[in-house]
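Peer 1: Dropping a structure here in C-alpha cells format, bear with me for questions.
The values are calculated or read from the model by the stated rules, or taken from the named source; none is laboratory data. Keep in mind that this is a model prediction, so the values were computed, not measured. Virtual Cβ from ideal backbone geometry, glycine too; neighbours counted across all protein chains shown. Heavy atoms of the whole protein, side chains included, go into the accessibility calculation; ligands, DNA and RNA do not. Shrake-Rupley method; radii C 1.70, N 1.55, O 1.52, S 1.80 Å.
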Amino acid sequence: MRGILKRYRDLLPLNSDTPMISLQEGQTPLIPLDSIGKDLGVRLFAKYEGANPTGSFKDRGMVLAVAKAMEAGAKGVICASTGNTSASAAAYAARSGLSCIVLLPKGKVAMGKLAQAMIYGAKAVSVRGNFDEALQLALKAAEESGYAVVNSINRFRLWGQRSVAWEICDELGHAPDRVILPVGNAGNITASWAGFVQYARLGKSAHIPAMTGVQAEGASPLVTGKPFPEPETVATAIRIGRPVSGRRASWAAKMSGGEFLSVSDGEILEAQKMLARREGVFAEPASCAGIAGLYRMAADGRLPKNNEVVAILTGNGLKDPDAVLSGLQLPVETDADPESLRKVLS
Ligand code: F0G
C-alpha cells in the first residue's frame with residue numbers, strides 16, 4: 001500500500017476528520033551501494049528519496065501537514081524554502097484545492113525546484129535575503145493571513161517524516177547501525193530519529209541507529225556551535241545558517257551515539273559524481289553530503305568496519321542540473337553521418 005497516511009495510519013495523529021490525501025508518496029527504493037560500500041568497508045544502502053512524487057523526502061511530511069491544515073480549515077499554506085519544501089507544498093496544495101505561498105531566497109534556488117513551484121501554481125516570491133530571513137518573513141505573513149505554516153516548525157511535517165525510519169526498518173527487518181543524512185534546518189534528522197525511537201518503543205526494532213548529520217562547511221552551525229549569518233554552499237538545499245530544529249537535532253545525534261560533521265563543496269560534488277558513475281544513482285548535491293561524510297569518517301578511521309549504514313539521499317539529481325553541468329564537459333558535436341561519429345568516438 002503506497003501513501004504515508006494509509007500505510008502508517010496507526011502511527012500518525014489522524015482522526016476521522018483528517019482528509020486522507022495522497023500522491024502515493026513513500027516506499028522509496030532502498031538501493032544497495034556495493035561498490036562504494038566496499039571502499040568504505042561497510043554494508044551500505046541508499047534510501048532514495050528522490051523517487052517521491054515531487055522528487056524529495058519533503059512529501060512524507062507535507063502530506064500530513066497539508067491534511068492537517070485542511071482539517072483545521074486553513075485558507076492556504078505558506079512556507080519559506082530552499083526549494084524542495086516549496087515544490088512539495090505547492091503540489092499537495094494544488095491537489096487539495098488550497099492556495100499556496102512560497103518565499104524563496106533570491107538566486108539560490110535550483111532551477112528544477114523553481115519550475116516545480118511555478119507549474120503547481122504556487123504564488124512564488126523571491127526574497128532578497130537568505131533562507132533564515134525568508135523563514136522569519138513567512139512566519140510573520142502566516143500570522144497576518146491565517147495561512148498554515150508548512151515549514152518543519154509544523155509538528156505534523158516532522159511526524160510524517162518519521163516514516164522514512166519506519167520504512168528502513170520494515171525493509172531491512174531491523175534498524176541499521178548508522179543512518180547518515182544531510183542537515184540544513186535540522187528537521188529531518190530529528191524526525192528520522194523520532195521515527196526510530198517510536199519503532200523501538202513499539203518493539204518493532206531493537207535499537208536506535210547512530211544518527212549522523214552532515215553539513216556543508218560554509219553552512220555548518222551544528223558543527224561549529226555558532227550561527228552562520230551568511231551561509232554559502234553549492235548544496236543550496238542546505239544553505240542554512242540558523243537551523244530551527246538545531247537543539248533537538250543535537251540531542252538526537254548525542255542520544256543515539258551519532259555526531260555532526262562537515263564536508264567541503266568539493267567533497268560534495270565528488271561524492272555526487274561517484275554515486276552516479278559507480279552506482280548509477282543521481283542525487284542532488286545536498287543529498288550527497290552524507291556520502292561525502294562517510295568518506296571523511298573512513299579517512300579519519302572513525303567508521304567502524306562491517307557496520308550496516310543507510311545514507312538517506314534526500315533529493316533527486318534532476319532538481320539541480322546546473323550544479324552538474326557547470327562541472328562537466330558538454331557533449332561533443334558531430335555531423336549526422338557515421339564517419340563523423342566514428343571520428344568523435346575514437
Ligand atoms: N536535503 C535536501 C535535498 C533538502 O531539500 C533539505 C532541506 C535537506 C536535505 C535538509 O533537511 O532542513 O530537515 O535538515 N530543504 C529545506 C527546503 C530547507 O526548504 O526545501 P533539514
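Peer 1: Taking the options I153, I240, I189, name whichever one is on the phi < 0 side of the Ramachandran plot, buried (at least 24 other Cβ atoms within 10 Å of the Cβ), part of a loop (DSSP other than H, G, I, E, B) and within 16 Å of the ligand (Cβ to nearest atom).
Peer 2: Going through I153, I240, I189 in turn, just one is on the phi < 0 side of the Ramachandran plot, buried (at least 24 other Cβ atoms within 10 Å of the Cβ), part of a loop (DSSP other than H, G, I, E, B) and within 16 Å of the ligand (Cβ to nearest atom): I240.
Peer 1: Something else now. List pairs: first in the range 273-288 and away from the ligand (no atom under 16 Å from the Cβ), second open to solvent by less than 10 Å² (accessible area, probe 1.4 Å), Cβ under 6 Å, 6+ apart or cross-chain?
Peer 2: These pairs meet every condition: E279/L33.
Peer 1: Can you name every residue in the range 305-346 that is within 30 Å of L172 (Cα to Cα) and not in a helix (DSSP H, G or I)?
Peer 2: K305, N306, N307, E308, V309, V310, A311, I312, L313, T314, G315, N316
Peer 1: Tell me, yes or no, whether the range 72-88 has at least one residue that is touching a Gly at 6+ places or on another chain (Cβ under 9 Å), in the same structural domain as P176 (by TED's automatic domain parsing), away from the ligand (no atom under 12 Å from the Cβ) and of a type outside the set (V, I, T).
Peer 2: No, that holds for no residue.
Peer 1: For the condition closer than 22 Å to D320 by Cα and part of a helix (DSSP H, G or I), what is the one hit in A69, A115, A124, A93?
Peer 2: A115
Peer 1: Also, quick follow-up: Can you tell me which residue within the range 192-224, out of those that are in a loop (DSSP other than H, G, I, E, B) and at negative phi, is nearest to the ligand (Cβ to nearest atom)?
Peer 2: S220
Peer 1: Right, G327: of a type outside the set (D, E), out of contact with any Asp or Glu (no Cβ under 6 Å at 6 or more places or on another chain), closer than 17 Å to G184 by Cβ and touching a residue at least 12 places away in the same chain (Cβ under 8 Å) or not?
Peer 2: No, not satisfied.
Peer 1: Now for a different question. Does V164 qualify as being among the hydrophobic types (A, V, I, L, M, F, W, C), touching a strand residue (DSSP E or B) at 6+ places or on another chain (Cβ under 8 Å) and not assigned by TED's automatic domain parsing to the domain that holds A65?
Peer 2: In short, yes.
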